[in-house]
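Presented below is the structure to which this report refers.
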Amino acid sequence: MHHAPLVIGGKTLAEASDGIGESRDPSTGEVIGTFARAGLTEVDQVVAAARHAFDNGPWTRMRPFERGRILRRIGELMLERRDDIARLESRDSGKPLRDAYWEVDCSARFFEYYAGVADKQHGTSIPLGRGIVDWTVKDAIGVSLQIIPWNYPFQLIARGVAPALTAGCAVVIKPASDTPLSAYEFLKICQEAGLPDGQVNLVNGRGSLIGDALARHRGVDQITFTGSVPTGQRVLEAAASHAIPCNMELGGKSPQILFADADMEKALPIIAGGFLTHAGQVCNAGTRLLVERKAHDDIVSRLHDHIRKINIGRALDDPDMGPVINAGHKAEVEGFYELAESEGQLLMGGNLPLEAGLAGGAFVRPALVTGISNTARIAREEVFGPILSVIPFDTAEEAVAIANDSDFGLVAGVHTASIDHAMHMAQDLRVGQVWVNSFGIGLDVEFPFGGYKLSGFGREKGLEAIGAYQQIKNVCVRFG
Ligand SMILES: NC(=O)C1=CN([C@@H]2O[C@H](COP(=O)(O)OP(=O)(O)OC[C@H]3O[C@@H](n4cnc5c(N)ncnc54)[C@H](O)[C@@H]3O)[C@@H](O)[C@H]2O)C=CC1
Ligand SMILES: CCCCC(=O)O
C-alpha cells in the first residue's frame, strides 16, 4: 500500500492536520493508497517554505547552466523509474498501462527540454541613443502554485514545474485527491537529483479548502491551474484578491472536421483515438466530429464497427479503454448518455467487463451520437467521457462556423487531402492549436498549448510557457 506524505521545505510529513485520505483504483474500487491530507495549518507552512527557498535558497543564486544539469537529472531519473511510476499512475488514474508509460516519457521530455532552455533566457538591449544603455532581464516571478487535475497527474506536474524551475521559481504542488500518489514519486526524484530543499513542495488536500486558501495566500505569486471551468473561475477570483497572474488550462469540446476527400482508412483511428484516449478524460479530446454530409454514413458505420470491438478492462491489463476516474464520474457520464438518447440516436460500443473483482470498477462504454445539430447540449457541454457527437456539414464555410460555435476553443483536427481546406481551417478556426491529418502527436513538448475563450489563457509547453514564470525588469543607465 502506498502512502503519500506531504513534503514541505525538504521535510517529509506522514501526517497532516486534515487527517488521512484514501486513493482508490478506478478499475476495481479497491483502496490502493493513502495520503496525508493537509489543512490550513500546512498551507501557511508550505507557502513559507517555498518563499524561504525563493528568497534565500541556493536555486536563485545558482548559475542557469547548473540549474539545467539538475533539471536534466530529474528527467533521467524519471526514465530510470518509468516502470514503477507508470504502474502506479495506471492504477491510480485508471489509464491503460501504455498511456501511463507515455505519460512518464513525456514528463521526462519536459525536463530534458527545459534543461536546455535554462541558460538561454536572454533579455534584450534597447537603443536609446548615446550616453544611455538600456536592457531587460527576465526575473523569476517567485512562488508558483500548481493546481493539478486527476487525468494526467504526473505529466501535468512536469509540464508546469519544469518551466517554473527553469525560470528560477519555487513551487507548491496541489494534486487532485483522486490521484494523490505519483506526486510523491516526483518529489523523491527531485530530492535525489539535487534540487534544493523547499524549491518544490507537495501538499495533498481538499481543493475547496487548501486549494482555495493557497490561491488566496499573499505568499503565492503566480498560479497554474488545469481543470474544470467552474473551479478555474473560483481560482481566478482567489487570484484577483491579491492580483496575481494565472495560467488557466480549462475544458474543451474540440471539433475534428472530416472532409469527404480525406483518406478514411488513416482518419478513422485518429478520430477514434481523439475521443477514446483515457476514456475521453482529456481536456483536448476531439468530441465533436463535423463530417462532410456525403461521407457521413460511411464514417459513422466505420466508427461504429470500431467502437463495437473496443476491449474495456482493468488499466494494468492495458486494454483499449480503461475506466473513468470514479463512480460519481461514471454516473455523470451515463447521465450524458441519457441526454444524448433524448437529443439524437445513441450507438454504443464495447462490452463492460463483468469478471469477478471488476464489478466495482467505474467502467462506461464508448458511444456515438448521430442525428443532432450543434445546438444540442450533448454537442456543447464537456462530458469528459468517451462519447462522440457527429454533426454533418455541406461546405467548408459551414464547417468553420459550426466548429467556432462553441464556448470553448482549445484544439481542432482537420482531415482532408486538400491543401486549400487545410489552410482555410488553420486560418479561421478560433482555437489554440489546429492539427491537420493528425490529432495529438506523441511526445511533443516543444509547441505551445492552450486555449481561446472558456478553454482558458496562457500557454503551456514550448518556449512560450517560460514567460508565465518570469517578469521583465528594465534597467536604464545614463553615463558620461
Ligand atoms: N481541463 C482538464 O484537463 C480537466 C477538466 N476536468 C473537468 O472537471 C470536471 C470535474 O473534475 P474535478 O476533479 O472536480 O475538477 P476540478 O476542476 O474541480 O479540480 C481540479 C483541481 O482543482 C482543485 N480545486 C477544487 N476546488 C478548488 C478551489 N476552490 N480552489 C482551488 N483549487 C481547487 C482540485 O482539488 C484539483 O486539484 C471533470 O468532469 C471534467 O469535466 C477535470 C480534470 C481535468
Ligand atoms: C495529455 C495532456 C492532457 C492535457 C489535459 O487534459 O489537460
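Out of (1) within 16 Å of ligand 1 (Cβ to nearest atom); (2) touching an Asp or Glu at 6+ places or on another chain (Cβ under 8 Å), the odd one out for residue 185 is which? Every condition holds for residue 185 apart from (1). Residue 173 meets all of the listed conditions (1) within 16 Å of ligand 2 (Cβ to nearest atom); (2) farther than 20 Å from residue 53 by Cβ but one, namely (2). Does any residue of region 122-134 turn out to be touching a helix residue (DSSP H, G or I) at 6+ places or on another chain (Cβ under 6 Å), more than 15 Å from ligand 2 (Cβ to nearest atom) and not charged (D, E, K, R)? No, that holds for no residue.
The single condition among (1) more than 9 Å from ligand 1 (Cβ to nearest atom); (2) closer than 19 Å to residue 100 by Cα; (3) surrounded by fewer than 24 Cβ atoms within 10 Å (Cβ to Cβ); (4) not aromatic (Phe, Trp, Tyr) that residue 177 does not satisfy is (1). When 153, 180, 149 are checked against the criterion of being more than 16 Å from ligand 2 (Cβ to nearest atom) and closer than 28 Å to residue 386 by Cβ, a single residue qualifies: 180. Residue 237 passes all but one of (1) within 14 Å of ligand 1 (Cβ to nearest atom); (2) more than 25 Å from residue 450 (Cβ to Cβ); which number fails? Of everything listed in (1) within 14 Å of ligand 1 (Cβ to nearest atom); (2) more than 25 Å from residue 450 (Cβ to Cβ), residue 237 misses just condition (2). Counting only residues that are within 23 Å of residue 328 (Cβ to Cβ) and not charged (D, E, K, R), how many does region 2-35 have? Total meeting the criteria: 15. All of 328, 313, 286 fail the test of being more than 16 Å from ligand 1 (Cβ to nearest atom) and small (Gly, Ala, Ser), apart from 313. Here's a check for you: in region 442-472, which residue that is farther than 27 Å from residue 230 by Cβ and in contact with a Ser or Thr (Cβ under 8 Å, 6 or more places away or on another chain) is farthest from ligand 2 (Cβ to nearest atom)? Per the stated criteria, the residue is 472. Filtering region 257-305 to residues that are more than 29 Å from the chain's Cα centre (by Cα) and surrounded by 24 or more Cβ atoms within 10 Å (Cβ to Cβ) leaves only 262.
Every number here is computed from the coordinates shown, using simple stated rules; none is lab data. This structure is a prediction, so every number in the text was calculated from the model and none was measured. When we count neighbours, we look across all protein chains shown, and the Cβ atoms used for this are built from the backbone with ideal geometry, even at glycine.
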